[in-house]
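The values are calculated or read from the model by the stated rules, or taken from the named source; none is laboratory data. These numbers come from a predicted model, not from an experiment. Positions of Cβ are backbone-derived with ideal geometry, glycine not excepted, and every protein chain shown enters the neighbour counts. Protein only, heavy atoms only, side chains kept; ligands, DNA and RNA dropped before computing areas. Shrake-Rupley method; radii C 1.70, N 1.55, O 1.52, S 1.80 Å.
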Amino acid sequence: MAKLYFRYGAMGSSKTANALMVEYNYMERGKQALLVKPRLDTRDGDHTIRSRMGLEKSGVLLEELTAMTDDRIKTYDCIIVDEAQFATKAQVEFLVHIVDDLEVPVICYGLRTDFRREFFEGSLWLMAWADKIEEVKTVCWCGRAATCNARISGDGTIIQSGEQIVMGGNDTYTALCRRHHREGNLGPRIS
């Protein structure tokens, strides 16, 4: 029976690398897995899914997936969605349709919350509707579990307000434990 998975983690927890490895495992076994990402994620180009450690592969946009026919989607053994926090409620409902009606498993990777510790729309509905929810773990500079995403300003301080979505990487975000996120404590910075 197909399931909807939501594998969430803070920035830098290797979510994209995990997504690419899962797609590779399907391919290695002669199966067809489709890599997907929302159009909003433009950091690496329209159709490129790239991890921080350099792994990359082409995929389709979530908006393209929702335009596919059911028969085409059923040709895949698995759908893997990266940056799923950027999905809309309607797009998450479509992923539920793929699982429940087409019986194709869907594995979503993304952030649970933003830099203010508030849900993204896609994450909220994945938390509500996923059959299986798993944390992809990483650590804070102090060694505790990092569950918060801190947005960093150019002067090296934590930004506490602003637009929910600002694309960026290690220069813009870092993962912290809840205590250090609340304190605004970035710890010793490694250059």
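So what is the relative contact order of the chain, in percent, for Cα pairs below 8 Å that sit 6 or more residues apart?
Numbers: 379 pairs, mean separation 51.1, N = 191.
Result for the chain is 27 percent.
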Quiz item: Which length gain, in nm to one decimal place, applies between residue 46 and residue 75 when the Cα-Cα distance is subtracted from 0.36 nm times their residue separation?
Solution: 8.1 nm
Practice problem: Provide the solvent-accessible area of residue 48, counting protein heavy atoms only and rolling a 1.4 Å probe, rounded to the nearest 10 Å². | Solution: 30 Å²
Practice problem: Can you list which of the GluC sites (Glu not before Pro) found in the range 23-128 are DSSP loop residues with at most 12 other C-beta atoms within 10 Å? | Solution: 103, 118
Self-check item: Whole-number accessible area per residue in Å² for the chain, which is evaluated in the context of all protein chains at 1.4 Å
Solution: 51 Å²
Exercise. Write down the percent of antiparallel bridges among all DSSP beta bridges whose residues are both part of the range 1-125, to the nearest 5.
Key: 20 percent
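With an 8 Å Cα cut-off and a minimum separation of 6 or more residues, compute the relative contact order for the range 82-166 in percent.
Values: 89 pairs, mean separation 23.9, N = 85.
The normalised contact order for the range 82-166 reaches 28 percent.
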Exercise. Find how many whole Å separate the alpha carbon centroid of the range 86-143 from the alpha carbon centroid of the range 8-61.
Key: 15 Å
Exercise. Loop sites only, by DSSP: take the trypsin sites (Lys or Arg not before Pro) in the chain that have at most 16 other C-beta atoms within 10 Å and name the longest stretch containing none of them.
Key: 145-188
Quiz item: How much length is gained on full extension from residue 179 to residue 142, taking 0.36 nm per residue of separation minus their Cα-Cα distance?
Solution: 12.3 nm
Practice problem: Determine the calculated [θ] at 222 nm for the chain from helices alone, applying -39500 (n - 2.57) to every DSSP H run no shorter than 4 residues and normalising by the residue count; nearest 500 deg cm²/dmol. | Solution: -7000 deg cm²/dmol
Exercise. Using 0.36 nm per residue of separation minus the Cα-Cα distance, give me the extension gain between residue 27 and residue 128 in nm, one decimal.
Key: 33.4 nm
